[in-house]
Amino acid sequence: MKKAFSFVVFVLMSLVTFAQTTPLIVQLDNNSNPYLVHTVAAKENYYSIGRIYNISPRLYAPYNGLNLAVPMGIGQQVKIPLNEINFWQKGTRKENEVVIPVYHVAKQGENVQRISQLFKTDNESVKSWNNLSSDAVSSGSKVIVGFLKVDKTLSPLASQGMSVRSEPNIVKQQPKPEVKKEEPKKEQMVVKKEDPKPEVKPEPVKQDPPKVEVKKEEPKTDIAVISYNGTGFFKDEFNRQTNNGKRTASNNGAGSVFKSTSGWSDGKYYVLMDNIEKGSIVMIKNPANGKAVYAKVLGGVEETSPGSGLMFRLSNSAAAQLGISTEKFNADLIWAN
């Protein structure tokens with residue numbers, strides 16, 4: 001019996017490994033939304049599968065009618081929805097992301113125009129991705145209709161990444177040589193004018209570091225927070241996501257602080273939370289004084305601090321606005337349901 005069980009597990013793992021190295025075939029659900037099918041392998045869970053496809057378990061679990069508290073079984077097939085976070089067809093991408101082609105199996109009578117309509121893209125993109133010179137497509141052929149975006153440091157699928165059309169970077173590189181040519185001229189002119197006072201200048205230069213530290217202190221950040229009414233840049237987006245507070249979920253738990261350069265002058269606060277989709281806006285409230293801020297979810301706590309037991313981690317600029325002076329604290333959290 002043990003040998004038979006081991007053989008079955010080996011076959012299933014082999015099939016899963018093979019499936020993840022074969023082309024990603026996209027399908028459409030009843031609402032014409034694209035999705036992929038993943039076969040659960042040994043030792044995989046909701047979060048590891050989410051990292052593979054760059055999607056939160058909070059999104060794909062209910063899509064499959066699954067409960068996060070109930071483990072999945074080996075060999076179980078799970079639908080992975082493709083959305084604006086993990087599906088790429090045009091525009092720019094993040095530096096840490098690579099793209100893997102997603103294929104549609106052409107049916108009898110379909111052409112480039114029909115396939116473009118099905119997957120909400122344009123004819124020229126489909127032709128470019130597939131090196132097609134006409135609208136004709138053979139029945140049964142695999143046609144690239146977009147790309148799965150994954151984090152190259154988290155997803156094992158990243159090894160299948162490929163180069164595709166992207167926004168040109170040449171424009172950003174052109175002004176650099178011009179600046180470099182102008183800078184030495186300015187420096188030489190300044191040196192010539194300041195030659196008589198060489199000993200006076202080093203002293204104020206040594207005083208610059210404490211001035212930079214002062215900018216990070218709370219007195220100056222308070223001024224920036226006031227310009228955002230003490231809540232932050234993402235308040236309007238929170239209202240849109242929650243339909244002005246009519247569609248929310250809430251919880252209370254322990255959190256900690258992480259360092260960030262954002263928020264001190266622009267009110268853009270960020271938070272790390274598990275089981276919350278990246279890009280969601282969360283209201284964090286300090287129950288001790290009633291102050292609240294709105295922060296955007298960058299990722300999960302387990303991804304950055306595995307085993308910490310924390311419910312969330314908040315950027316230090318947001319914590320300062322809440323009047324938090326300790327590294328760990330409790331807070332009330334509200335987000336879109």
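Any residue in the range 311-337 that's in the same structural domain as Thr242 (by TED's automatic domain parsing) and within 10 Å of Ala295 (Cβ to Cβ): show its pairings with residues that are among the charged types (D, E, K, R) and surrounded by 19 or more Cβ atoms within 10 Å (Cβ to Cβ) at Cβ separation under 9 Å, as long as the two are six or more apart or on different chains. Close Cβ pairs (under 9 Å, with a partner that is among the charged types (D, E, K, R) and surrounded by 19 or more Cβ atoms within 10 Å (Cβ to Cβ)) amount to Ser315/Lys268; Ser317/Lys268. Is there a residue in the range 128-138 that is closer than 12 Å to Gln89 by Cβ, at pLDDT below 95, in the same structural domain as Val37 (by TED's automatic domain parsing) and not in a strand (DSSP E or B)? Looking for residues that are closer than 12 Å to Gln89 by Cβ, at pLDDT below 95, in the same structural domain as Val37 (by TED's automatic domain parsing) and not in a strand (DSSP E or B), one finds at least one in the range 128-138, hence yes. Could you please find all residues in the range 260-282 being closer than 30 Å to Asn45 by Cβ and of a type outside the set (Ser, Thr, Tyr)? Matches in the range 260-282: Val271, Leu272, Met273, Asp274, Asn275, Ile276, Glu277, Lys278, Gly279, Ile281, Val282. Among what's in the range 118-152 and is farther than 15 Å from Ile25 by Cβ and hydroxyl-bearing (Ser, Thr, Tyr), pick the residue that is surrounded by the most Cβ atoms within 10 Å (Cβ to Cβ). In this case the residue turns out to be Ser125.
Filtering Tyr47, Tyr35 for residues that are assigned to a helix (DSSP H, G or I) and within 20 Å of the chain's Cα centre (by Cα) leaves a single hit, Tyr47.
Taking the condition of being of a type outside the set (S, T, N, Q) and part of a loop (DSSP other than H, G, I, E, B), how many residues in the range 112-127 meet it?
First, the residues of the range 112-127 that are of a type outside the set (S, T, N, Q): 112, 114-115, 118-120, 122, 124, 126-127.
After this cut, where a residue has to be part of a loop (DSSP other than H, G, I, E, B) as well, the list is 119-120, 122.
Selection size over the range 112-127: 3.
Counting only residues that are touching an Asp or Glu at 6+ places or on another chain (Cβ under 8 Å) and either closer than 29 Å to Arg51 by Cα or in contact (Cβ under 8 Å) with a residue 60 or more places away in the chain (or both), the range 120-150 holds 2 of them.
This table checks each residue for (1) of a type in the set (D, E, K, R); (2) at pLDDT below 95; (3) surrounded by 13 or more Cβ atoms within 10 Å (Cβ to Cβ); (4) more than 23 Å from the chain's Cα centre (by Cα).
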{"position": "Phe7", "(1), (2), (3), (4)": "no, yes, no, yes"}
{"position": "Pro23", "(1), (2), (3), (4)": "no, yes, yes, yes"}
{"position": "Asn31", "(1), (2), (3), (4)": "no, yes, no, yes"}
{"position": "Lys94", "(1), (2), (3), (4)": "yes, yes, no, no"}
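If only residues of the range 205-219 that are loosely packed, with under 12 Cβ neighbours inside 10 Å and outside any helix (DSSP H, G or I) are counted, the one that is modelled with the highest pLDDT is Gln207. Restricting attention to the range 139-156, the residues that are under 26 Å from Lys107 (Cβ atoms) and either in a loop (DSSP other than H, G, I, E, B) or not assigned by TED's automatic domain parsing to the domain that holds Lys127 (or both) add up to 3.
Return the only residue of Leu82, Leu36, Leu68 being within 30 Å of Glu303 (Cα to Cα), surrounded by fewer than 16 Cβ atoms within 10 Å (Cβ to Cβ) and in contact with a Phe, Trp or Tyr (Cβ under 8 Å, 6 or more places away or on another chain).
Numbers: Leu82 fails: surrounded by fewer than 16 Cβ atoms within 10 Å (Cβ to Cβ); Leu36 fails: surrounded by fewer than 16 Cβ atoms within 10 Å (Cβ to Cβ).
So the residue among Leu82, Leu36, Leu68 that is within 30 Å of Glu303 (Cα to Cα), surrounded by fewer than 16 Cβ atoms within 10 Å (Cβ to Cβ) and in contact with a Phe, Trp or Tyr (Cβ under 8 Å, 6 or more places away or on another chain) is Leu68.
Whenever a residue of the range 95-110 is within 13 Å of Leu148 (Cα to Cα), its partners that are exposed (fewer than 12 other Cβ atoms within 10 Å of the Cβ) and among the hydrophobic types (A, V, I, L, M, F, W, C), lying with C-beta atoms within less than 9 angstrom and at least six residues away or across chains, give the pairs Val98/Met162; Val99/Met162; Ile100/Met162; Pro101/Met162.
Does Ala61 satisfy the condition of being in a helix (DSSP H, G or I) and farther than 19 Å from Lys149 by Cβ? Quick ask: steps written out before the conclusion?
Numbers: in a helix (DSSP H, G or I): yes; farther than 19 Å from Lys149 by Cβ: yes.
Yes; evaluated as a whole, the condition is true for this residue.
Which one of Phe147, Phe119 is within 30 Å of Asp274 (Cα to Cα) and among the aromatic types (Phe, Trp, Tyr)?
Details: Phe119 fails: within 30 Å of Asp274 (Cα to Cα).
Testing whether each residue is within 30 Å of Asp274 (Cα to Cα) and among the aromatic types (Phe, Trp, Tyr) leaves just Phe147.
The values are calculated or read from the model by the stated rules, or taken from the named source; none is laboratory data. Just so it is clear, the structure is predicted and the values come from calculations on it, not from any experiment. A quick note on method: Cβ atoms are made from the backbone with ideal geometry, for glycine too, and the neighbour counts reach across all protein chains shown.
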